[in-house]
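Visitor: Sharing a structure, written as structure tokens. Questions coming.
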Amino acid sequence: MAPRENSHEPSGTPVPVETGFATLATLRVGTKAFVEKDGEKRKAEILHMRSRRGKPSFYVHYEDFNKRLDEWIDADRIDLSREVEWPAPEKPEKKKSAPSQKNQAPSKSDQKNLKRSRSKAEREASGTPDSTSVNLPGKAQRPSKAAGKENKEILVTSELPDGSTPKLEDDDIDMVDVQDAAAAAKSLPNEVYSREDEIEKLRTSGSMTQNQTEISRVRNLDKIQMGKFEIEPWYFSPYPTEFVDSDMVYICEFCLGYYGDVTPFERHRSKCTLLHPPGNEIYRDDYVSFFEIDGRRQRTWCRNLCLLSKLFLDHKTLYYDVDPFLFYCMATRDEHGCHFVGYFSKEKESAEGYNVACILTLPQYQRRGFGKLLIDFSYLLSKREGKLGSPEKPLSDLGLLGYRAYWQEMIVDILVDGRVEANIEDVGAALAMTTNDVLHTLQNLNMLRYSGKGHCIVLTDAVLEQRERQKEKEKKKGKRSIEPDKLIWKPPIFSAASRTWNW
Amino acid sequence: MTQRVTGQRFRQRKLSTKQNLPVLRENEVEKLVDDDATRHIPRVETGVEKGEEIEHHLQAIISAQAAGTAPSKAAQLYIPTPDAIASKLQYDDLYPRHFTQPATYIRFSSTVEDCIGTTYCMTSDDVAFLKGYNHKKGKSVQCSEDEFEEVMNFLEETSTTKQPYATVDNAPVLPYEDMEAEFDETIREHSRRFAKPIYEHWKNQRLLIGNRSLIPALKFETNLETDDADPYVCFRRREVRQVRKTRGRDAQVTEKLKKLRKELEEGRYLMAQVKRREVLIRDQLAQDKLIFQQRSELKEIKRKLSIKGDDEELLINQRPAPKPKPKIDVPAPLRGIPGMGQKAQMARPDGRLLDPDLVSHEEQVAKRSEMIDGFVEENLMKHQKWNVGWIDQTWRPITPPLEQPAAKSNFRPVFTSAQLPTPPASVSSEEAAAEQMDVDQENKQVVPRRSARFRYASPPDDVPFQEQARFRRRTGRGGRFMVDRRGLKRQKLESIDERVADRFRYADDSSEDDGVTDVDHTDTLHIRYRIMIDRQGEKQHAQAAAQNRRSVENHNRSASGHLLPPSQAG
Ligand SMILES: [Zn+2]
């Protein structure tokens, strides 16, 4: 959870928030004010401020909106007629747990580094340093007074409230967790990760970050140009720092190389000979092709791909290199070449049994059914491997909806064939889905019910209606699906040497 | 959050995922009003980060779906995302129509670096500089964009190698002299002409940005403490587990390095030799051309001086006059390779003397061909011995078919071309030479076996050997004259309609063992059977030989089943 959304922390004590009226001059990073968004006023937090030609602008995050809707706004959209919430000061350093203390150290030294003032500002903006301790039981209450310009400066002087007792886990949460424990034991993202824990975990497996420090940053690119499209990035991605000043970053559709200006990009295009993702084509139908790319063999291309996809995946981490992943890239074809549409990455060896690490349809191709093809393909690979698979967590909001729709369609399709009995594990095995995912899908659709005689699976009117509509749509628009016999692929086998993380 | 609240009062009911559950429709389930579970949707782990799970747009969709009502409305809900709009750039100019899809799935292993040419790409500043520079210079010394980029790239790369920490150290820009000293094959001769002026431009550009790289680069780990907090630092190496150092491991590593080194040198030597060969071929071609030109000049002179004579001999390389039975050619691959000459090469291309302990390539080649010849000889002998008293009708039972003359000498073809409705199909000259049933067999020169190499001949399919009718007269015991026939076709048998024959196949009620079998004496079945037996023998022999062989990877048997000599790795 982003640290700024304190009000939603289940274990958070309601912190007295200092409110008051602000002027443009007194607005600062961390302040929450009402901002006009699509015709309504929404509470938003100022994450960053800048001034261009004497005109201030503010980078704001709207409460309860996904970070991809964060944006730069002019001062006139901020409603100063209403009270604002002043930022809470940071907690004293000595109260922090050991790992977060470590975390704090570099950021302090960084403060001296004027060269990187921007990244410093970002960290400040997201309130990174105290985020790790937010969830820790027994944490101190926030000092109620905010004073001084620089939050960090007041840390030392702020006093600890007397008698602050360790806060117990919310009863409510406890109950729910018990209820769900059977099904959800593995994929719980509510574990509290310290950054160090997480980095160690990521060293050996996984591609997603759970940690708040990674995920709340100001977007660094304004716009990218790729193929026939101009796209607004959604999230931060560690492209070269120089690009912060570019109005547009140009990305080669084939090698995914990046250029901060149109001239070098055009020069590159005159030299670049790549016409498709640089790997073996393992699937081809009338509509799309899939290419398998080894992160170890195509380091540059895969890094380029990760940088690009980080623009649209909040939780993806680029902390470590691409070696342990395979990238399955989907492309459409024409005389220009194979246009990269979307991909999913997959660990060569997933300790957790994930069959997808990151999955993305490029925004310019979204809402056209490509996501379903990607998901379907990932399960086809799992079927070939004879394994059950599940996507790495956390899922994004779009990822969750995509997967839920796919799971629902697949499971209902199986159940609707006239059978009178079904067994959850068998359904999972037929779809290469984990038992948990089948169970969750059934529960979520209210298809798993209990009567006096025991559990039963109910094909509800809602899911049947949904299926009808889907079939209707397919009849009209044509059905796009992955044809298993067009996959020419054997699960790759990696020697211990090629799998290890070294170079 | 609302879901959590509703979920809290359920008791966990045991559910076995292995157990078959009845699948029912909604109308088949009793409405159990008192059961909480049927009224509430249990909270299900979404896998989405908790903080994001409660986001407005996602919640709107989830609750719409959960409500189960008005799904058409729910379908219209979606999560808003920032825009993607059509670009103003001319796509067709940037991405020409170069792609043709191969019939088979693409297999590709080139890297990005292989495909993008010079990494450095000109900026608008560079364009301006180059324009100015070329404007000042004459037409003859124009610097192309490619040359410019090549030099810039060289300067960038050299600077990165020589000053890896330039950004941290605040190191001064490398002087031109240092750059010049580093010139290598990455910068072509004709690009070097522009190195100096481009260096000045490059230096200015570097100075503008504090001697940082002109190509925007990612931030990699510097192993400084600031790394971890810097969101721009990416793609870190996953540390290698420290391997404990031991003497044994050291030795192992040394051995491996030595081996790699040796293999590299061998590869390099091979490449040098290949290069040498190609140069020699080029020289030879030049010589041939020269000879030809001089000959044609000579021809002109002959014309002028009106010397009569055959010009042919001038223009065509002299070859030994064709003999009645020409030699079997030395196979082309062996003929064409320079460096396979008789003289042992005493020095390596780098001028160093050959190590006397080293086995020279020539010796190896000689030894090898000796082996091969010996093997052939042996098999020929064996085959001939085996054939004693028999006529071998197989088509080249083994290659080379050197024993054939003896075996077939007594047969004479019937030369009835005048009466034949069609002339016999033509055979290639080589074949004609080898197979001709000449009367003057005795006159033929014995071809030295040494020169007999292999040919990868397959039986001609156009004219089967057997089809030509031949006869042989011999004297049997008691002075009987016998005429052996070969290649005769009996019309009668062939003209029987197969379908008619088939009809009577089982009409005869005699059993197999009492009847008299009709034998068609012109049938080649028995010969074919023998060939089969023969080949099986060869196969067995080859298998035995294989055990003595060092290399088992080479298949010593051609696809047609002909025996090939053992391959010698070496
Ligand atoms: Zn490119």
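The values are calculated or read from the model by the stated rules, or taken from the named source; none is laboratory data. This is a predicted model, so every value here is computed, not measured. Here the Cβ is made from the backbone with ideal geometry for all residues, glycine too, and neighbour counts use every protein chain on show. Please note that ligands, DNA and RNA were not included when accessible areas were found on the heavy atoms of the full protein model with its side chains. Shrake-Rupley method; radii C 1.70, N 1.55, O 1.52, S 1.80 Å.
Visitor: Scan segment A:282-294 for residues that are in a loop (DSSP other than H, G, I, E, B) and touching a Gly at 6+ places or on another chain (Cβ under 8 Å) and report the count.
Guide: 0
Visitor: Among the residues of segment B:220-232, which ones are at the interface with chain A (Cβ under 8 Å from one of its Cβ atoms) and either at pLDDT 90 or above or in a loop (DSSP other than H, G, I, E, B) (or both)?
Guide: Answer for segment B:220-232, where residues must be at the interface with chain A (Cβ under 8 Å from one of its Cβ atoms) and either at pLDDT 90 or above or in a loop (DSSP other than H, G, I, E, B) (or both): B:ASP230, B:PRO231, B:TYR232.
Visitor: Here's something else I'd like to know. Among the residues of segment B:106-129, write down those that are open to solvent by 50 Å² or more (accessible area, probe 1.4 Å), within 16 Å of the ligand (Cβ to nearest atom) and in a helix (DSSP H, G or I).
Guide: B:GLU113, B:ASP114, listed by residue number.
Visitor: Just give me the residues in segment A:64-86 being in contact (Cβ under 8 Å) with a residue 24 or more places away in the chain and under 11 Å from A:ALA33 (Cβ atoms), in sequence order.
Guide: Matches in segment A:64-86: A:ILE73, A:ALA75, A:ARG77, A:ILE78, A:ASP79, A:LEU80, A:ARG82, A:GLU83, A:VAL84, A:GLU85, A:TRP86.
Visitor: Say whether the condition of being more than 7 Å from every other protein chain (Cβ to nearest Cβ), open to solvent by 10 Å² or more (accessible area, probe 1.4 Å) and small (Gly, Ala, Ser) is met by at least one residue in segment A:241-262.
Guide: For segment A:241-262, residues more than 7 Å from every other protein chain (Cβ to nearest Cβ), open to solvent by 10 Å² or more (accessible area, probe 1.4 Å) and small (Gly, Ala, Ser): present.
Visitor: Test B:ASP230 against the stated conditions and say whether it is of a type in the set (Asp, Glu) and in contact with a strand residue (DSSP E or B) (Cβ under 8 Å, 6 or more places away or on another chain). Quick ask: steps written out before the conclusion?
Guide: On the way: of a type in the set (Asp, Glu): yes; in contact with a strand residue (DSSP E or B) (Cβ under 8 Å, 6 or more places away or on another chain): yes.
In short, yes.
Visitor: Another question, then. Quick one: would you say B:TYR133 is surrounded by 16 or more Cβ atoms within 10 Å (Cβ to Cβ), more than 7 Å from chain A (Cβ to nearest Cβ) and not in a loop (DSSP other than H, G, I, E, B)? Steps first, answer last, please.
Guide: On the way: surrounded by 16 or more Cβ atoms within 10 Å (Cβ to Cβ): yes; more than 7 Å from chain A (Cβ to nearest Cβ): yes; not in a loop (DSSP other than H, G, I, E, B): yes.
Considered against the rule, which asks whether it is surrounded by 16 or more Cβ atoms within 10 Å (Cβ to Cβ), more than 7 Å from chain A (Cβ to nearest Cβ) and not in a loop (DSSP other than H, G, I, E, B), B:TYR133 comes out as yes.
Visitor: While we're on this one: Looking at segment A:283-305, which of its residues are open to solvent by less than 10 Å² (accessible area, probe 1.4 Å) and away from the ligand (no atom under 16 Å from the Cβ)?
Guide: A:TYR283, A:VAL288, A:SER289, A:PHE290, A:GLY295
Visitor: Another question, then. Hey, can you tell me all the residues within segment B:153-182 that are in a helix (DSSP H, G or I), of a type in the set (A, V, I, L, M, F, W, C) and surrounded by 13 or more Cβ atoms within 10 Å (Cβ to Cβ)?
Guide: B:PHE154, B:LEU155, B:ALA166, B:MET179
Visitor: Which ones in segment B:135-179 are closer than 17 Å to B:TYR199 by Cα and touching a Gly at 6+ places or on another chain (Cβ under 9 Å)?
Guide: B:ASP146, B:GLU149
Visitor: Could you say whether any residue in segment B:136-156 is within 14 Å of chain A (Cβ to nearest Cβ), more than 16 Å from B:ILE215 (Cα to Cα) and within 16 Å of the ligand (Cβ to nearest atom)?
Guide: Scanning segment B:136-156 turns up no residue that is within 14 Å of chain A (Cβ to nearest Cβ), more than 16 Å from B:ILE215 (Cα to Cα) and within 16 Å of the ligand (Cβ to nearest atom).
Visitor: So which of A:LYS490, A:LYS486, A:LYS471, A:LYS453 is free of Cβ contacts under 8 Å to residues at least 12 places away in the same chain and closer than 20 Å to A:ASP376 by Cβ?
Guide: A:LYS471
Visitor: Would you please name the residue that is surrounded by the fewest Cβ atoms within 10 Å (Cβ to Cβ), looking only at residues in segment A:341-359 that are away from chain B (no Cβ under 12 Å) and among the hydrophobic types (A, V, I, L, M, F, W, C)?
Guide: Filtering segment A:341-359 down to residues away from chain B (no Cβ under 12 Å) leaves A:341-353, A:355, A:357-359.
The next check asks that each one be among the hydrophobic types (A, V, I, L, M, F, W, C); those that pass are A:341, A:344, A:351, A:357-359.
Working: A:VAL341: 22, A:PHE344: 27, A:ALA351: 10, A:ALA357: 21, A:CYS358: 25, A:ILE359: 25.
Result: A:ALA351.
Visitor: Tell me, which residue of segment B:81-105 that is open to solvent by less than 90 Å² (accessible area, probe 1.4 Å) and more than 7 Å from chain A (Cβ to nearest Cβ) is farthest from A:ASP64 (Cα to Cα)?
Guide: It comes out as B:PRO102.
Visitor: Those residues that are open to solvent by 40 Å² or more (accessible area, probe 1.4 Å) and not in a helix (DSSP H, G or I), I need them from segment A:370-395; list them, please.
Guide: Those that are open to solvent by 40 Å² or more (accessible area, probe 1.4 Å) and not in a helix (DSSP H, G or I): A:GLY386, A:LYS387, A:LEU388.
Visitor: If you go through segment A:431-452 one residue at a time, do you hit one that is basic (Lys, Arg) and out of contact with any Ser or Thr (no Cβ under 6 Å at 6 or more places or on another chain)?
Guide: no
Visitor: While we're here: How about segment B:195-219: which of its residues are surrounded by fewer than 20 Cβ atoms within 10 Å (Cβ to Cβ), hydrophobic (A, V, I, L, M, F, W, C) and part of a loop (DSSP other than H, G, I, E, B)?
Guide: Within segment B:195-219, B:ILE209, B:ILE215, B:ALA217, B:LEU218 qualify.
Visitor: Checking the condition without any contact (Cβ under 8 Å) to a residue 24 or more places away in the chain and outside any loop (DSSP other than H, G, I, E, B), which residue from A:ARG333, A:ARG367, A:ARG303 passes?
Guide: Only one candidate qualifies: A:ARG303.
Visitor: A further question on this structure: Among the residues of segment A:248-281 satisfying the criterion of being more than 11 Å from the ligand (Cβ to nearest atom) and assigned to a loop (DSSP other than H, G, I, E, B), which is nearest to A:TRP489 (Cα to Cα)?
Guide: Among residues in segment A:248-281 that are more than 11 Å from the ligand (Cβ to nearest atom) and assigned to a loop (DSSP other than H, G, I, E, B), the one nearest to A:TRP489 (Cα to Cα) is A:GLY279.
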